[in-house]
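Notes follow once the structure below has been shown.
Just so you know, all these numbers are worked out from the coordinates, no wet-lab data involved. It should be emphasised that the depicted structure is a prediction, and the values quoted were computed from it without experimental measurement. All Cβ positions, glycine included, derive from the backbone under ideal geometry; neighbour counts span all protein chains shown.
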Amino acid sequence: MGKSYNNFITLQQFFKGEHPLLTEAIQPMTIRLFILMAHYRSTLDFTNDALLAAQKGLDKLQESFNKLNDLTAQEKTNNEEAQKTIISLYDKCLEAIEDDLNTPILLSILFDSAKIINSAYDGKLTLSQSDIDELKKVWQKFLCDILGISFASDSMSDKTKQAFHGAVDLLLQIRLSAKERKDWETSDFIRNELSKLGFQIQDYEKKVKWNLFN
């Protein structure tokens, strides 16, 4: 890559989407994840499709990260395979890092553990408090502290987070009341407008959950 070959792109062009080969602006965290998805010794080929795929990967990580922090612990973990995975998770992640900073393997391990988080969130399995704490410890250490992946909401103060979550929860409560009155127009309007802003709304039998994608 070099100016003489006219095959370079600046960070400002990435962030603003001001390059002929880009279809949209690319977030800094997306670029970080894209780089980490390949070994540092390998050659990186920046393409629009590859960057968009990295953005989807970042969205999935954020969704699972949010779900992990919202899990309710049960008396015990009722899935033996999931528990074995959690018990060995830290050592596997550490092994990947010690293997010449093998970040692609580390990310694949974290993505696999996200399946457990998502299943627990959807009520397909239960997790004990100790297993939830272990997942939180691994994700914080390896995803956030070592790989440096963070999400937009992390920069908020606790007071701002509380107000933000409270406002969204209030809207969803209004939507729930509208559904109970069979006011489908108001219910659909709130859901559609939140979706336009990047929110994913998930309706369950007795509750509603939401995530915000960047």
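How high is the FRET efficiency from Glu180 to Lys136, r the C-beta distance, R0 41 Å, rounded to 0.05? Please list the in-between numbers first.
Numbers: r = 35 Å, r/R0 = 0.85.
Calculated value: 0.75.
Going 7 Å from the Cα of Asn78 toward and past its Cβ, which residues in region 118-148 have a backbone nitrogen under 12 Å from where you end up? Inside the label zone: 120, 123-128.
With the simple spin-label model, which puts each label point 7 Å out from Cα in the Cβ direction, the Glu24 to Ile105 separation comes to 3.4 nm. Contact order, relative form, for region 81-214: 14 percent (alpha carbon pairs under 8 Å, 6 or more residues apart, mean separation divided by residue count).
In the chain, which longest range has no trypsin sites (Lys or Arg not before Pro) that are both DSSP loop (not H, G, I, E or B) and surrounded by at most 16 other Cβ atoms within 10 Å? If you can, show how the numbers build up before the last one.
Values: sites that count: Arg41, Lys76, Lys124, Arg181, Lys182, Lys206, Lys207.
Counting only loop sites that pass the neighbour cut-off, the longest clear stretch is 125-180.
Calculate the FRET efficiency for Ala163 and Glu95 from the Cβ-Cβ distance with a Förster distance of 45 Å, rounded to the nearest 0.05. Display every interim value, and only then the final one.
On the way: r = 41 Å, r/R0 = 0.92.
So the FRET efficiency works out to roughly 0.60.
Would you kindly calculate the mean projected area, averaged across all directions, of the convex hull enclosing the Cα atoms of region 92-151, in square nanometres?
Details: hull surface 17.1 nm².
Taking the Cα atoms of region 92-151, their convex hull projects to 4.3 nm² on average.
In plain terms, the residue of Tyr40, Tyr90 with the fewest other Cβ atoms within 10 Å comes first and the most crowded comes last, giving Tyr40, Tyr90.
Along the chain, the longest continuous region that contains none of the GluC sites (Glu not before Pro) in a DSSP loop with at most 15 other C-beta atoms within 10 Å is 76-204.
Ratio of Rg to Rh for region 41-102, alpha carbon only, Kirkwood? Rounded to two decimals, Rg/Rh equals 1.10.
Which links in Lys60/Lys141; Lys136/Lys209; Lys84/Lys124; Lys115/Lys179; Lys67/Lys207 stretch past 22 Å when you go from one Cα to the other?
The pairs that break the limit, which is 22 Å between Cα atoms, are Lys115/Lys179.
Pull up the cross-link candidates among the aspartates and glutamates for Lys76, meaning alpha carbon to alpha carbon under 20 Å and not fewer than 8 places away within one chain. Partners found: Asp122, Asp131, Asp133, Glu134.
How would you classify the chain from its alpha-carbon gyration tensor, with a ≥ b ≥ c the square roots of the eigenvalues: rounded for a/c under 1.5, else prolate if a/b is greater than b/c, otherwise oblate? Oblate is the answer for the chain, as a/c is 1.5 or above yet b/c matches or exceeds a/b.
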